[in-house]
1. Compute the distance in nm between two label points, each set 7 Å from the Cα along the Cα-to-Cβ direction, one at D163 and one at S244.
2. Projecting each Cα onto the charge dipole of the chain (Lys/Arg +1, Asp/Glu -1 at the beta carbon, about the Cα centre), which of F113, S285, Q236 comes out farthest on the positive side?
3. Calculate the dipole size of the stretch 5-285 relative to its Cα centre from +1 charges on Lys and Arg beta carbons and -1 charges on Asp and Glu beta carbons; express the result in debye to the nearest 20.
4. Between N173 and D114, how many nm apart are label points set 7 Å from Cα along the C-beta direction?
5. Which label marks the calculated value of Rg/Rh (Cα atoms, Kirkwood Rh), given the options [x] 1.13; [y] 0.95; [z] 1.06?
6. Under the 0.36 nm per residue contour assumption, what length would be gained going from the current alpha-carbon distance of Q48 and L130 to full extension?
7. Highest first, please rank the peptides 33-40, 151-158, 80-87 by the mean number of other Cβ atoms sitting within 10 Å of their residues.
8. Order of 267-276, 53-62, 122-131 by packing, highest average Cβ count within 10 Å first?
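FYI, it's all coordinate maths here, none of it is from the lab. Being a predicted model, the structure only gives us computed values, none of them experimental. Positions of Cβ are backbone-derived with ideal geometry, glycine not excepted, and every protein chain shown enters the neighbour counts.
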Amino acid sequence: MATGINGAWSAYRQCAATSAFYKSQLELFTKASLWLGIAGAAIGTVAQCLSLNPTSVPARALGIAGSLAVALAGLAATQAVSGDKEKLWIRCRAAGEALKSAVYLYSASAAPFDGPDRGAALGQRVDRALKDLDRIALRPGKADKPPPEPLNVANYLAVRVDDQIDYYTRSANKYQAKADFWRYCAMASAATSAGLAVVSAMFSLSPWVALLATVITSITAYVKNHRYEMMIGLYQATAMRLQSLKDQWLDSGKTDADKADRDAFMQRSEETLALENGAWVAQWSQQPAPRDEGARP
C-alpha cells in the first residue's frame, strides 16, 4: 500500500460521510415539506367540499389533521434551511473530491506527487482541505472501501476513470428519471385541473381546481430547487470528457514508460473531475428560489 496515503484517505472518507449526511437531511426535510403541504391542502379541500357542521366530530378531526399537516410542513421546511445544511453539504463535498483526486495522483506517483517529498505534498493538501472545513464536525468515514493500491496507468483507467464514467452516467440517468417523474406528475395535475375547470361550469369543483394548482406550484418549485436539468447536463458532459480522454490515451499506444505523457493524461483526467466539482459548487452556491414545497440533495 502506498506509504502515507491512509491519513489522506481517512480525511476524504470523513468529508464524504459528512457530505452524504447533510445531503440526506436536506432531501428528507424538503420531501417531507412537499408531501405534508400537499396533504394539508388536500385535507382542507375535502373538509370544504363536504360542508360539514363545524362543530361535528368529522369536521373537527379534519381541521386538526389539516392544521397538523401544514404545521409539520412548515417545521420540515424550517429544518431544511436551518443550520446551513446546504452550505455544509457543498463545502464537504468539494473538500472530499479534492482529497480524493490527490490520493489517486499520489497512488499513481504522478506529478505533483512523484518526488521524494510527495508524502509531505499530500499532507499539505490534507491540511489545506481540513483548514477549509474548520469548525465543521466531520462524521466518521465508512471503512467499506480501502485506499487505492499503487497504480499503473491500466489500473488508473479501471479504478478511477472507468469508475467515474460509470458514476456520472448512472447519476445522469437517475436524475433524468426523477425529472421525468415529477414532470409527468405536474402534467397529470395540470390536465386534471383543466378538466375540472371545464366541469366546474356545471358543478362546484373550484376547490379541487385550486388544490391542483397548489400541487402544480409545489412540484414545480421542488424540481427547480433540486436543479435536475443542470445536474443531468453537467454529469453527461463530464462522462463524455472522461471517455474522450480515455480513448485518446488508448489510441496513442503509450504506456507507463512514457512518464511525461502518462502523468499529463492523469492530470487532465483529474482536472476534468475538478472542473465538474467546481461547476457543481458554483451552481449549488447560487441563491436558490424561495422554497415553496408545501406552502432542495
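1. 2.5
2. With unit charges placed on the Cβ atoms, the residue in question is S285.
3. It comes to approximately 860 debye.
4. Placing both labels 7 Å along Cα→Cβ, they lie 3.6 nm apart.
5. Looking at Rg/Rh (Cα atoms, Kirkwood Rh) for this model, the match is [x].
6. 24.0 nm
7. 33-40, 151-158, 80-87
8. 267-276, 122-131, 53-62
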